[in-house]
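The values are calculated or read from the model by the stated rules, or taken from the named source; none is laboratory data. The structure presented is a predicted model; accordingly, all values stated were derived computationally and were not measured. Note that each Cβ is placed from the backbone with ideal geometry, even for glycine, and that neighbours are counted across all protein chains shown. When the accessible area is computed, the model is the full protein with side chains, heavy atoms only, and any ligands, DNA or RNA have been set aside. Shrake-Rupley method; radii C 1.70, N 1.55, O 1.52, S 1.80 Å.
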Amino acid sequence: VIILLCVFIYYPLRSAGFLNFDDNWSIFNNPYVQSVNFLNSFRFAYYTDYTPATTFYFSLVNKAFGMNPFYFHFFNLLLHLLNGILIFRLGRTVFKFNLLTAYFFAAIFLIHPMHVESVAWITETKDVLSVFFVLLSWLAFHRFKSFETYRTVFYAASLMFFFLSLGSKTISVTFPLLLLLFYFVYHRGNFSKQVTFQILPFFGLSFLFSLLRIYAESGEMLLVDAKLGPILLIKNTVIKYVFYFSRSIFPHHLSGFYENGIFQLFWYEYLIVLAFFIAIYLIHRKTQDTAEQQHIVYLPIFTVIALLPMLKIVPWSVNFMVADRYMYFPSIGLYALF
């Protein structure tokens with residue numbers, strides 16, 4: 001029923017086409033999409049954008065169906081539906097939600113208006129594909145930690161899926177930190193150096209793709225923009241967090257491209273976010289259930305950390321750009337908290 005509802009919502013995509021906004025250079029004018037070559041996809045950056053796994057995926061769709069936008073939209077929606085199933089599994093097996101809560105988690109992820117930009121815009125298939133692989137990576141790593149059989153296989157699979165996630169879009173670059181924090185919060189009694197060493201290769205992959213992204217940007221993006229200054233950087237960071245949290249809690253004025261601060265942040269959005277965190281704090285104070293306390297601590301922190309690549313704290317983020325699609329990965333923590 002949840003999947004059918006999602007299909008109904010995105011049904012207008014059947015007649016949608018390409019957009020001249022990025023679809024031109026990322027798909028139908030991209031020479032690496034015209035020919036299927038896995039190694040070439042990873043060897044080159046195109047138009048200062050390093051998303052080799054997504055480029056290879058586009059080339060496969062083009063090889064099978066040609067430059068028909070229907071199939072690009074169809075498979076992007078299919079990936080989104082698969083992500084909903086994986087979100088359900090994440091809720092059940094990793095967060096230990098009961099059945100009804102896991103269904104709600106999957107439903108809000110699949111139908112939340114904040115995700116329309118990622119699902120309906122072909123270029124942003126890289127969001128959907130990156131989260132598809134990072135969810136597989138997380139579930140494989142959980143299997144590796146929870147069961148004794150085929151542990152090496154699942155660990156290798158987890159690393160491979162994370163590699164493909166970063167190759168789809170580097171928005172998942174913070175996943176190793178989120179994974180480490182998860183075991184610290186939920187398994188503090190059994191937390192050891194061994195966990196850190198097991199997650200260390202994931203940090204290595206994040207570092208590698210960070211360097212590749214910097215290279216793709218031709219060295220133009222710095223770690224922190226010196227022209228901003230610390231005060232303006234803090235101010236911009238607060239505004240961005242208010243934007244993403246308020247529009248996830250109360251979806252309005254979505255599906256826009258906001259660059260260099262040219263967007264409208266309403267005064268009541270600060271009140272929405274403040275009231276939300278006060279409510280979370282009061283719920284945390286009153287609950288006696290250990291699992292719920294862990295959720296209330298970890299899940300909002302997940303979203304805060306996952307949004308860091310959008311805040312000019314990592315080298316490839318733009319000065320002051322916010323967009324709905326940037327919430328596709330960070331929203332996992334916030335929707336689980338709902």
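Below is a table of values for the structure above.
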| read-out | value |
| --- | --- |
| Candidate set from the stretch 200-218 (those that are at negative phi and at pLDDT below 75); member that is most open to solvent (accessible area, probe 1.4 Å) | Tyr215 |
| So Thr101, is it closer than 30 Å to His295 by Cα, touching a residue at least 12 places away in the same chain (Cβ under 8 Å), surrounded by fewer than 22 Cβ atoms within 10 Å (Cβ to Cβ) and hydroxyl-bearing (Ser, Thr, Tyr) | no |
| Meets criteria (more than 14 Å from Leu90 (Cα to Cα), in a helix (DSSP H, G or I) and modelled with pLDDT of 95 or more) for Phe163 | yes |
| Those residues of the stretch 1-25 which are farther than 23 Å from Leu81 by Cα and open to solvent by less than 60 Å² (accessible area, probe 1.4 Å), in sequence order | Asp22, Asn24, Trp25 |
| Residues of the stretch 265-312 satisfying the condition of being within 17 Å of Ser331 (Cβ to Cβ) and assigned to a loop (DSSP other than H, G, I, E, B) | Leu307, Leu311 |
| Subset tally (residues that are modelled with pLDDT of 90 or more and over 16 Å from Thr237 (Cβ atoms)) for the stretch 301-316 | 1 |
| Residue in the stretch 10-23 that is polar (S, T, N, Q) and closer than 23 Å to Ser172 by Cα present | no |
| Answer residue from the stretch 133-174, given it is open to solvent by 40 Å² or more (accessible area, probe 1.4 Å) and among the small types (Gly, Ala, Ser) and is farthest from the chain's Cα centre (by Cα) among those | Ser146 |
| Selected residue (only one of Ser130, Ser59 is open to solvent by less than 40 Å² (accessible area, probe 1.4 Å), of a type in the set (Gly, Ala, Ser), in a helix (DSSP H, G or I) and touching a residue at least 60 places away in the same chain (Cβ under 8 Å)) | Ser130 |
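This table checks each residue for (1) surrounded by fewer than 20 Cβ atoms within 10 Å (Cβ to Cβ); (2) in contact with a Pro (Cβ under 9 Å, 6 or more places away or on another chain); (3) closer than 17 Å to Gly333 by Cα; (4) basic (Lys, Arg).
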site	(1), (2), (3), (4)
Pro31	yes, no, no, no
Tyr50	no, no, no, no
Thr54	no, no, no, no
Phe75	no, no, no, no
Val94	yes, no, yes, no
Ala107	yes, no, yes, no
His115	no, no, yes, no
